Structure formats: C-alpha cells, structure tokens
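Peer 1: I have a structure I would like to understand better, so I am pasting it below and will then ask my questions one at a time.
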Amino acid sequence: MKFPLFVIIFLCLISCKSEAEDSQNSNETNDTISYDKKIDIDTRGFDLEPEAKKYASNWLEFITAQNEVKKLENTTTRKVMNNATAISQIMNSLSISLPDSLRAVPVEARLNVLKTKAHLLEQYSKKQQPDVKDIDRTAKEIYLEFNNLKLQMNELFLKTLEDFEKELDEFERMEREMDSTAIEDTVENVVS
C-alpha cells in the first residue's frame, strides 16, 4: 500500500513542477514580446524659435540630446534599456554645459528634471527584473520634458509687455510723421 501512495505523490510533484516550468516559459515569452514592443510616444512637440535656435545651434550637448530624444520616437523598450546609461550621461552633460546666454531659473529647472528622469531610466533598466511599464513611462516623460525645455528656451526670447509697448509707441510715432508729411504734401499741391 505504501508503494502506490508513494508513486502517486511522486507523479503529483512531477506534474506540479512541469506546470510551473510551463508558466515560467510563458512569462519569459511575454517579457520578450513586451521588451520588443515599440514605445508609444506622443510626438507633438515644440520647435525652437529663431532666436532660441541661434543659441541652441552652438550648444553641442543640446544637439546631441535632441538627437537622442528624437530616437525615442521609434524605439523599443529593449533599445531604451540598452541605451539608458548613454541617455543619462547625455542629459548630465546637457545640464552641466548650459551656456550663460540661456541661464535662467526655468531652463535650469527643466534641465534638472531631465537629468533626474534620465537617472531614473538608468536605474529602472539596471534592475534584475526590469519593469517594462516603468521604462516606457520614463522614456515618454523624458521626451515630454525635453519639449518643455525647448518651450522654456523659447520663452526666454519672448518679448515682454514693455517691449511691445515700445514697439507700438515707435509705430505710432512713425505713423504720425508719415501723416504729417502727407498733409504737408497735400497742402503744397492745393496752394500751387
């Protein structure tokens, strides 16, 4: 009686182990598929205004970061994971190399956010069991924050209300001069 009971227990254990292995193989297949899935990034963004673009075109680290962020538009989670350390280093260099002409609190704040997000991405990618959702979300956030950086750079060169008032005053002065010249020409033509 002991022998058949032992055989039944043994068969149950083998069966349970087999199901666990099948489940693990299924999870590994799903992980591989999710790592190779393209990250869905909202690619609406901002272009730099001509004045901001003039300064950015001389900022090598900005151009490098922009190229790296552009790559996020058509990439997979696996590629982002493999490139996370490089992204982190690029964003760190970007933050350190900010030119004086662009140095302002809002720009520096955006650079700090970018650097932090890049470090998070690197940490998520180096985990023993990386979470696809964390990596994808952080990649999307880096893309968004880079656009916010460009927005802040554009705002540095926006005219203030005082600048608009000066331009309006100058325009009105020129218009009065043109009107007075036109009136004088009309009076001369009538008199002649």
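Peer 1: Within the set of pairs 6+ apart or on separate chains, which have a first residue in the stretch 44-59 that is of a type in the set (Ser, Thr, Tyr), a second that is surrounded by fewer than 16 Cβ atoms within 10 Å (Cβ to Cβ) and in a helix (DSSP H, G or I), and C-beta atoms under 6 Å apart?
Peer 2: Qualifying pairs under 6 Å: Tyr55/Ser101.
Peer 1: Identify, from the list Glu155, Glu165, Glu170, the residue that is in contact with a Pro (Cβ under 8 Å, 6 or more places away or on another chain) and not basic (Lys, Arg).
Peer 2: Values: Glu165 fails: in contact with a Pro (Cβ under 8 Å, 6 or more places away or on another chain); Glu170 fails: in contact with a Pro (Cβ under 8 Å, 6 or more places away or on another chain).
Going through Glu155, Glu165, Glu170 in turn, just one is in contact with a Pro (Cβ under 8 Å, 6 or more places away or on another chain) and not basic (Lys, Arg): Glu155.
Peer 1: Inspect all residues belonging to the stretch 115-125 and state whether any of them is modelled with pLDDT of 95 or more, within 16 Å of the chain's Cα centre (by Cα) and closer than 18 Å to Ala56 by Cβ.
Peer 2: yes
Peer 1: With respect to Asn67, is the statement that it is assigned to a helix (DSSP H, G or I) and in contact with a Lys or Arg (Cβ under 6 Å, 6 or more places away or on another chain) true? Step through it out loud before you land on a result.
Peer 2: Numbers: assigned to a helix (DSSP H, G or I): yes; in contact with a Lys or Arg (Cβ under 6 Å, 6 or more places away or on another chain): no.
Taking the combined requirement at face value, the residue does not satisfy it.
Peer 1: Looking at Leu48, Leu11, Leu60, can you tell me which residue is modelled with pLDDT of 65 or more and open to solvent by 90 Å² or more (accessible area, probe 1.4 Å)? Show your work before the answer.
Peer 2: Values: Leu48 fails: open to solvent by 90 Å² or more (accessible area, probe 1.4 Å); Leu11 fails: modelled with pLDDT of 65 or more.
When all the criteria are applied, what remains is Leu60.
Peer 1: Take the conditions surrounded by fewer than 16 Cβ atoms within 10 Å (Cβ to Cβ) and either part of a helix (DSSP H, G or I) or of a type outside the set (S, T, N, Q) (or both) and apply them to Asn83. Does it pass? Give the steps one after another, and end with the answer.
Peer 2: On the way: surrounded by fewer than 16 Cβ atoms within 10 Å (Cβ to Cβ): no; either part of a helix (DSSP H, G or I) or of a type outside the set (S, T, N, Q) (or both): yes.
No: the conditions fail for Asn83.
The values are calculated or read from the model by the stated rules, or taken from the named source; none is laboratory data. Since the model is a prediction, treat every value here as computed from it, not as a measurement. Backbone-built Cβ (ideal geometry, glycine too); neighbour counts: all protein chains shown. Side chains included, ligands, DNA and RNA excluded: accessible areas come from the protein's heavy atoms. Shrake-Rupley method; radii C 1.70, N 1.55, O 1.52, S 1.80 Å.
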